[in-house]
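Each remark here refers to the structure printed beneath this line.
The values are calculated or read from the model by the stated rules, or taken from the named source; none is laboratory data. Just so we're clear, the structure is a prediction, and the values are computed from it rather than from any experiment. Virtual Cβ from ideal backbone geometry, glycine too; neighbours counted across all protein chains shown. Ligands, DNA and RNA are excluded from the accessible area calculation, which covers all protein heavy atoms including side chains. Shrake-Rupley method; radii C 1.70, N 1.55, O 1.52, S 1.80 Å.
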Amino acid sequence: GKHLPHDECPMAAVLKGKIAAARDLEVVIERPDRSRRTAIVNIVPLKNAQGEITGAINCFYDVTARKRADEALAIAQAQLSRHAEELEHLVARRTAELTATNRQLQSSVASDRARKEEYRLLLVESQVMQKKLRDVTHQIITAQEEERKEISRELHDEVVQTLIGINVELSALAAVGAAGIPALNKRLARTQRLVAESVDAVHRFARGLRPAVLDDLGLIPALHAYCRTVTAKKSLKIRMTAFAGVEALNSASRTALFRVAQEALTNVTRHARATRVELTIEKIAGKVRMSIRDNGHSFPVEKILNSKNPKRLGLVGMRERIEMVGGSLEIKSAPGLGTTVRVDVPFTTQKAER
């Protein structure tokens, strides 16, 4: 950005009353070690009982990591777009070649064996391309999970701390103005409530993106916390049983199990009209099995998976996540029996990975 004399900068304008406040200004701060940080700045005036401006509050939000993450994500998306375009061209070209080959097979019986071998090779190439497309999908899901973790960490470490700091400052200001200005105290109290609500909202948002308890305490506490959130909003009873050894699973497997449970319980609350859910995690023959069974309405699993129904995306996403960690997913649903989501993943521990 451009450099301005002190008298012309936003802080001076706020102090002089030329502008009511300066909000969401993006600035670049150069530190003594010559490194640079990008920050969002909000400047709000402080007024005394007579309405005179006596100072200003600066709120800085360090968005350097977010900007770098946005730039890295943009580069990754561009690369993925190029790869997808290349794959699309390759598929189109191979499809045209396969069509031409089929026509040649109809007109040339003498070269039948050679044509069959060519068809086999084209089929192998098609299978390879399908695998590449699946790998791209896995990369996208992994990138999304890392991005969610980064955003969640930034919300917890930066935004919440800033809001708490503002609340502390407001408390101090309230103590100063408590001498005899009821209106000011009332306004300050209302502002403090708004800040407290903002803190709660940010915490909820961060937990939705990536529950801190999943990384800090483990899968079982994270699932317990999420189940409490679900039952608090819906008249639904969730009974959960799990063996403690599941916490030895590697991070990717624990994350996949949590996301599948999250998606399955979301589907129950939105569509199943169930009253009870049983969530169990157990170890079976070198694998970890997680089962989520409800007593709600059933649905045609294969029909939805093979359709263009938006509901299928959640089911496909669950399957993709589990396959990424070498596991398998099975969904059974029948009238009168509700729906059961069963997941098996290899019991690969953090220690074994290292």
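General remarks:
- Among the listed pairs LYS237/LYS283; LYS233/LYS287; LYS47/LYS67, those with a Cα-Cα distance over 26 Å are LYS233/LYS287; LYS47/LYS67.
- Proximal charge balance of ALA261 [Cβ under 13 Å; K/R count +1, D/E count -1]: +3
- Cα-only radius of gyration and Dmax that characterise the stretch 12-128, units Å: 31.9, 102
- Protection proxy ranking of 267-273, 328-334, 290-296 - average other beta-carbon atoms within 10 Å, highest first: 290-296, 267-273, 328-334
- Based on protein heavy atoms only, the stretch 216-352 ends up with 53 Å² per residue of surface accessible to a 1.4 Å probe.
- Pairwise label distance in nanometres, GLU52 with ALA39, each label 7 Å out on the Cα-Cβ vector: 2.9
- The equivalent ellipsoid that matches the C-alpha gyration tensor of the stretch 259-307 spans semi-axes of 22, 15, 10 angstrom, in descending order.
- Cα-projected label distance for ARG228 with ARG190, points at 7 Å along beta-carbon direction, nm: 3.3
- VAL63 long-range amide H proximity, modeled H, under 5 Å: THR38, ALA39, ILE40
- Extension gain from GLU118 to GLU282, taking 0.36 nm per residue of separation minus the Cα-Cα distance: 54.2 nm
- In this structure, the amide hydrogen of ARG276, modeled 1.01 Å from its nitrogen in the peptide plane, lies closer than 5 angstrom to those of LYS237, ASN295, counting only residues at least 5 positions away or on a different chain.
- Extended-chain gain in nm, criterion 0.36 nm per residue less alpha-carbon gap, ALA20 and THR137: 37.3 nm
- Computed from phi, the 3J(HN,Hα) profile of the stretch 290-301 under the Karplus parametrisation 6.51, -1.76, 1.60 (θ = phi - 60°) reads 10, 10, 10, 10, 10, 10, x, 5, 8, 8, x, 4 Hz, with x in place of Gly and Pro.
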